1. Inside segment 1-111, counting only helices (runs of 4 or more DSSP H) that do not spill past its ends, which hold 1 or more residues that are farther than 26 Å from M203 by Cα?
2. Right, V175: in a strand (DSSP E or B), within 25 Å of P22 (Cβ to Cβ) and touching a Cys at 6+ places or on another chain (Cβ under 7 Å) or not?
3. Search segment 57-73 for residues that are closer than 17 Å to A40 by Cβ and pair each with any residue that is loosely packed, with under 15 Cβ neighbours inside 10 Å and acidic (D, E) when their beta-carbon atoms are under 6 Å apart and the residues are at least 6 apart or on different chains.
4. Residue under question is A190, and the condition is that it be under 24 Å from A40 (Cα atoms), touching a residue at least 40 places away in the same chain (Cβ under 8 Å) and in contact with a Leu (Cβ under 9 Å, 6 or more places away or on another chain); does it hold?
5. From the list R74, R58, R87, exactly one residue is modelled with pLDDT under 95, basic (K, R), over 12 Å from the mean Cα position of the chain (by Cα) and under 26 Å from G154 (Cα atoms). Which is it?
6. Of these, T117, T134, T112, which one is at pLDDT 95 or above and under 17 Å from the mean Cα position of the chain (by Cα)?
7. Give segment 74-84 a look and list any residue that's free of Cβ contacts under 8 Å to residues at least 40 places away in the same chain and among the β-branched types (V, I, T), or say none.
8. Please enumerate the residues belonging to segment 25-50 that are among the aliphatic types (A, V, I, L, M), surrounded by 22 or more Cβ atoms within 10 Å (Cβ to Cβ) and farther than 20 Å from S80 by Cβ.
Amino acid sequence: PIKLAPLVRERVTAALRNAQLPIVLGGEHSVTIGAVEAAAECCGPISVLQIDAHGDTRETYHGSTHNHACIMARAREHASIVQVGIRAIDAEELESMDRDRVYFGHQIDAWTRANDTSWMDRAIAQLEDRVYLTIDLDAFDPSILPSTGTPEPGGMDWFTITELVRRVAQQRTIVGFDVVELCPNPNHHASDFIAAKLVYRVMSEILAAQK
């Protein structure tokens, strides 16, 4: 992964300097590191909005600082971060987290049951005007999207995630985004369709907000 970051950074930088919207697809979540570095350099100050089941804030994992479990630790070296949907973290991550900027999965579930979406606007208020969006598909509940490398129960649904994206696009400028961690299963195609539809939906919300 450490060799991948400069390659992604170069491509994303080129897109941003040409006033294009960079869209990065994974694969492994470590693709986000180079994209965030480029966005921070070209568009800063920025925030990174992470929609994910995992905190991904470990300093190192399996001997690498650029492992998929470390991407938000690297991101916060370049940008402020807001984390949404988190429901799997270790003690080290919990200690280093700014809990005022983390919207945990169990909280979102309670708010959803109460038809309370005000948390979305609170999260958006913590973002800079320019935002890089990273969506790990394990943010979805595995009953909806099981084809991901590290599924976690208690996840978010389609409407919650896409409504959050819509509001972010309306209230902030999304300078780039990625959708990552699809792990295709040849016996299950629904996850592939959801991932593709999600990319299309995020693009559509960004374009609609620019009108």
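1. Here the list reads 71-75, 91-96.
2. Yes; evaluated as a whole, the condition is true for this residue.
3. Pairs found: A73/E59.
4. For A190, the condition - under 24 Å from A40 (Cα atoms), touching a residue at least 40 places away in the same chain (Cβ under 8 Å) and in contact with a Leu (Cβ under 9 Å, 6 or more places away or on another chain) - is not met.
5. Result of the check over R74, R58, R87: R58.
6. T134
7. Within segment 74-84, I81 is the sole residue that qualifies.
8. Hit for segment 25-50 is V31, nothing else.
The values are calculated or read from the model by the stated rules, or taken from the named source; none is laboratory data. The shown structure was predicted, so the numbers you read here are calculated from the model rather than taken from an experiment. Positions of Cβ are generated from backbone atoms using ideal geometry, with glycine treated the same way; all protein chains shown enter the neighbour counts.
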